Structures are given as structure tokens and as C-alpha cells.
Amino acid sequence: MRTQSGSSTTGTSNSSPEQTLRAGGKWRNMNCLKIIYLCFSPPVTPTFEECLEGQYLFEATQLLIDREKHLFGEKTKADALKAHEEAVKKLAADYEALEKRLEQTVQQSLSLSTEEEVSALISAVKAINLEEEQDQLWGQICRTPPAWRPKKWKEHHDKMLHELVYSRLENPSSLIGDQVNQSSIQADIQSMGKQLKEDMEWVVEVVNNCYPPEMDICNFYARQYHQTFSARLKKIADFVLDDKDCSFLLRWVKEFYPGDLMIYIGRVLDEAKKEWDQGKEPTRYDGCYSSPVAYDVIQVQLYQKFHEDVIKQNKPHSKAFIKANLSCVEKFRDFLVEHNLFPEDVRENCLQVLTEMKQSAHTYLLTPVHKILKPHYQKVGTSDWLKKNTFEKLLNSTEDELQELQGSTQSCHQELIGQLQQEMTVEYVRRLLKGEVKLKDKDRQLKAYETVKENAERLHELFGSKQDWLKEILTKIAEVLKLQDIPAIQMQIVSVGSAYPDLSEKHVSALLKLKTNISKADRKIVKTTLSDTLKESRADPGTRKFFSKVEVR
């Protein structure tokens, strides 16, 4: 349990809630916190005053919102106006009392010393989120809101934590360092560093478990400490420093401070790995698998190893963890891009690792999908493929698999199924260019054109994506199958090659061989035209690659 000076004491091991919570000197077991919260639940049908006194702040908020809905939900009769006004004044006063208690609770976040205070913070956070919902509801209805709306408690909460962090670094709990050999500036920096380290450990081990993951509280605190600490260092640097102080400051910026930001590297990963080893699925929030890993600044190489172990062992719950990891990778990548905390080479290496993790996650999740779809892929480019129901079976199976791929956040899910759409389009073109179907005349070629064009439309509709370029590729290929004049075919091939410079002569040859009424000499003319065009034009480095992924024998 934390003492007033900010240190920790280790409890003995027995079955009491307090000592369970303090096991190993760390308050980080969410289940224990939930149990404690239930232990301090309010009495049956409590009054607002009882809830406030017992620090059941979420329940107190619910009571006030219920009163608010009653008072402002319908028109007041003329003979009841005075009573209504009195009730509104009483409600406003109760809201003020609740807000003061919430402020007191949030301001104690970094010095919680009892289970009651932990329970109160959990309740306060729930109350703040409930009030945010009520603010939004009032913004959606066409009635005059109460004078206190919107309350903006979340905004106020963030401001309070910012001020709390500022005060903690402005006035560290204890001065440390060699008072004889260190200057006041060196002692000040070292004391701030110690305070930052202790506070961020506390946030990870205790405060983090009082907040829902979507509030991203660890990252919020990390940003506040980083901004405040950086501003303090900059302010110190503005003074005229002697060589010794200047050297000390530089070492902090380049060595000690980045290390402080990584203080909770192992803890979050250990917790995630522990759940994985126990066979637990990650928690779902709004239908999406969530992991706390990205809510903290972590050592990316360790995270990658954990990620690879999950894939390698391929347990029943591996897919759930990988879906959760996709969200973590995205958040960590965004953090690295938006915050200039690390040297450029370190940042680039981390981004490269995260890209590899995302790709390995996509491969792990999509490989079983392609295995299931393989029997349907094998029909593409055959005589059976020209029959409508063949491709319909592929679409139906794909739709089933898309349901199985759900579980990651919206942005991660869209990226995942976008990758699937691209891989399916590549496989479609590869199968088509194998040349199993022979298009001997204009009618059969027109049938193939209609088939490819319709397949492109249906595939695009199924994924509901914005990847028009994939539909465009199939449509351009379909046009080649339809056209009969060599000059027109030349122009169409050049159009495809200009848009996708990785189109090779082998691809063109395989496509034209499907049209068995085109001679070898004509095929050569078309390929030469493409080759000459690509030589004359310079490919844009940002141009998408597609045909280089289509293997042609």
C-alpha cells in the first residue's frame, strides 16, 4: 500500500481483499479491484446523500440523472412551477456537491492508500463517463437543456490530471542526490526523474485498473509527464549553465529520460503473456478484442517476440490475441509517428518491426481463409467458371469467412479485409492467366468479358471497400478479352501498363493466349508496344504494385 511519501510496502499473503490486492507489492489485479468494488457497493435503494457519503459516485450520478430526466422531461403545470423551481435548485446544488467529491477523488489518483479510495476512483471514472453520455444525449434532443449542461466532466477530469502531474513534478515528494557534489539544478532534475518513475509505476500498477481501456489512461499520463518534464528541462536549459550542469542535462535528455519512459516495459507484457498462457481470450470492448499492451510505451522487440510466440503455438485463442495485437500495433505506430521521443534510427527500426508484426498477423489470420477458398479458386479460369453459380459459391464462402475475421477494431478490420480483397484479386488473375479456358471466338470472348466484369463488381460489393483500383484491374483485363482489333488491344494493354508498370510481357502473353484467335506475331506486336511504352515512361515510386504478385509460368 502506498504511503504518504509515495513509497510502497509489501503485504503478507492471506485471503483478505486488501492483501490480495497488494500481493507482491503491486496493485494490478483487475479481478481483485472488481471484487473490492462489489464489496463496497451501495446499500439497497440508497439516497443521494448516502451514495455521496459512501463514495458511491457512479450510483449518485445515476440518481441525479434520473431526477434531471424527470424534471426536464415534460412540461411543468402552472400550479407546480414553484415546486419545480425548488427541485431544480436542489438538483443543481447536489450536482455541485457531487462534482466537488469527484474532484477530490480524482486528485487522489496518485496517492490512493485504501481499498475504499480505489473503489471510489473506479466509481468516479464510471460517473464521468455516464455524464459524458448525458451531455451527448442533451445535444441530440430539441429541448432547452438545464443550465448546467453540458457539464464536460471528461474535459475537467483531463485538466485536473494535467494540473496534478504539474504539481507532482514542480514539488517532488523528496529531494535526492548528492547534496555536496551536486548543484541545485542537478538535484532538481534527479528528484523530478524519481517522481516521474514512481508515479508512472503507480499509474501502471494501480490507476490503470480503475479505468476502461478505451480511456487509454496510461498513455494519457505518459503524455502529461512527458510534456511537463520536457517543459521543465527546456526552462532549465534556458538558464546559463556551467559545463557540469550542461553535461548532466544532456545525459538526462539522451540517456536517463528515455529509460524512464520505458519503466513499465515488462509489466504489461507479462500480464498479457500470463493471460495467454492460461488460455484466456482478450477482453472485448464494443465487440472488438482489446489488449492493454499499446496503452503503454513498451519495448517493441519484446512485444514482437510475444506476438510471434502466439502465432507459433497456434492455440484455440491465438486468433483473438492476434486481433487484439493488431490494434496495439496500430496505436503504437501512431504514437511513434506523432511523438518525437526517440532518435530517428530507433524510431525507424521500431516502425519496421511494427510493419512486420502487422504483416505476420495478416498472414496468420488470412492463410486459413485462403485454404477454405482454394476449391473455389480452382474453378476460376476453367470452362465451369463461365457458369454463374461457380463464382457465387466463392462469394458465399468468402462472406462466411469475413464474419470469422471480425473482432479487431474498425480501422484494423478494414485494413485486414482490404488485404484479403487484394490477395483474392491476385489469386483470381493468377488462375485466369493459367490458360485453362480457351476463348476461341468473339462470342466466347464476350462471355468471358461479361464474367470477369461481373465478378469484379460482385467482389467489390462484397467487401464494401474503397479499393476501386482492384475492381479497375479486373475491368481492364475484361476489356482486353472483349476487344478484337489489335490496335485497340495495344491501347488497352498500354493503359494497364501505364497504371501498373509491374505488368510484364509474360503477363501480357498469358492473357492474350486465352484468345486463341490471336496469332503469335500479333502477340509479339502487343508486347513490344508495352515494352517500348514502359521504357519511355518513368514509373512513379508511389505506384501500387499488383502484377508482380501474380506468378505466371
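Restricting attention to segment 44-64, the residues being out of contact with any Asp or Glu (no Cβ under 7 Å at 6 or more places or on another chain), hydrophobic (A, V, I, L, M, F, W, C) and modelled with pLDDT of 85 or more number 5. Note on segment 380-406: residues that are modelled with pLDDT of 90 or more and either open to solvent by 30 Å² or more (accessible area, probe 1.4 Å) or under 34 Å from the mean Cα position of the chain (by Cα) (or both) amount to 15. The number of residues in segment 417-446 that are in contact with a strand residue (DSSP E or B) (Cβ under 8 Å, 6 or more places away or on another chain) and either part of a helix (DSSP H, G or I) or open to solvent by 60 Å² or more (accessible area, probe 1.4 Å) (or both) comes to 1.
Rundown of residues vs (1) over 23 Å from the mean Cα position of the chain (by Cα); (2) open to solvent by 10 Å² or more (accessible area, probe 1.4 Å), yes/no style:
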residue	(1), (2)
309	no, yes
333	no, yes
336	no, no
347	no, yes
352	no, yes
358	no, yes
361	no, no
364	no, yes
378	yes, yes
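So, residue 336, is that one over 19 Å from residue 407 (Cβ atoms), out of contact with any strand residue (DSSP E or B) (no Cβ under 7 Å at 6 or more places or on another chain), among the aliphatic types (A, V, I, L, M) and not assigned by the TED database to the domain that holds residue 478 or not? Yes, satisfied. Please indicate, with yes or no, whether at least one residue in segment 394-403 is more than 30 Å from residue 308 (Cβ to Cβ), in a loop (DSSP other than H, G, I, E, B) and in the same structural domain as residue 457 (by the TED database). No, segment 394-403 has no match at all.
In segment 156-167, the residues that are in contact (Cβ under 8 Å) with a residue 12 or more places away in the chain form Cβ pairs under 6 Å with partners that are surrounded by 16 or more Cβ atoms within 10 Å (Cβ to Cβ) and aromatic (Phe, Trp, Tyr), at six or more places apart or across chains, as follows: 165/225.
Scanning segment 500-522 for residues that are assigned to a helix (DSSP H, G or I) and open to solvent by 40 Å² or more (accessible area, probe 1.4 Å) turns up 505, 506, 513, 520, 521, 522. Looking only at segment 312-324, count every residue that is over 19 Å from the mean Cα position of the chain (by Cα) and open to solvent by 40 Å² or more (accessible area, probe 1.4 Å) and tell me the total. Residues meeting the conditions: 5. Going by the conditions given, is residue 315 outside any helix (DSSP H, G or I) and free of Cβ contacts under 8 Å to residues at least 40 places away in the same chain? Yes: the conditions hold for residue 315.
Taking residue 451, is it hydroxyl-bearing (Ser, Thr, Tyr), assigned to a helix (DSSP H, G or I) and touching a residue at least 60 places away in the same chain (Cβ under 8 Å)? Against the criterion (hydroxyl-bearing (Ser, Thr, Tyr), assigned to a helix (DSSP H, G or I) and touching a residue at least 60 places away in the same chain (Cβ under 8 Å)), residue 451 qualifies. Of the candidates 190, 140, 182, the single residue that is surrounded by fewer than 20 Cβ atoms within 10 Å (Cβ to Cβ), at negative phi and in the same structural domain as residue 87 (by the TED database) is 140.
Residue-level check: of (1) surrounded by 17 or more Cβ atoms within 10 Å (Cβ to Cβ); (2) among the polar types (S, T, N, Q); (3) part of a helix (DSSP H, G or I), residue 104 misses just (1).
Taking segment 67-89 as the range and being at pLDDT 85 or above and open to solvent by 90 Å² or more (accessible area, probe 1.4 Å) as the test, only 89 passes.
Residue selection: residue 194 fails the criterion of being of a type outside the set (Ser, Thr, Tyr), assigned to a loop (DSSP other than H, G, I, E, B) and at pLDDT 80 or above.
Here's the yes/no breakdown for (1) in contact with a strand residue (DSSP E or B) (Cβ under 7 Å, 6 or more places away or on another chain); (2) of a type in the set (Gly, Ala, Ser); (3) at pLDDT below 90:
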{"residue": "117", "(1), (2), (3)": "no, no, no"}
{"residue": "133", "(1), (2), (3)": "no, no, yes"}
{"residue": "137", "(1), (2), (3)": "no, no, yes"}
{"residue": "156", "(1), (2), (3)": "no, no, no"}
{"residue": "161", "(1), (2), (3)": "no, no, no"}
{"residue": "170", "(1), (2), (3)": "no, no, yes"}
{"residue": "187", "(1), (2), (3)": "no, yes, yes"}
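Scanning segment 107-127 for residues that are among the polar types (S, T, N, Q) and open to solvent by 10 Å² or more (accessible area, probe 1.4 Å) gives 107, 108, 111, 113, 114.
Screening 227, 195 for residues that are open to solvent by 60 Å² or more (accessible area, probe 1.4 Å) and under 30 Å from residue 334 (Cβ atoms) leaves exactly one candidate, 227.
The values are calculated or read from the model by the stated rules, or taken from the named source; none is laboratory data. Owing to the predicted nature of the structure, the values given are computational and were not obtained by experimental measurement. Glycine also receives a Cβ, built like all others from the backbone with ideal geometry; neighbour counts cover every protein chain displayed. Ligands, DNA and RNA are excluded from the accessible area calculation, which covers all protein heavy atoms including side chains. Shrake-Rupley method; radii C 1.70, N 1.55, O 1.52, S 1.80 Å.
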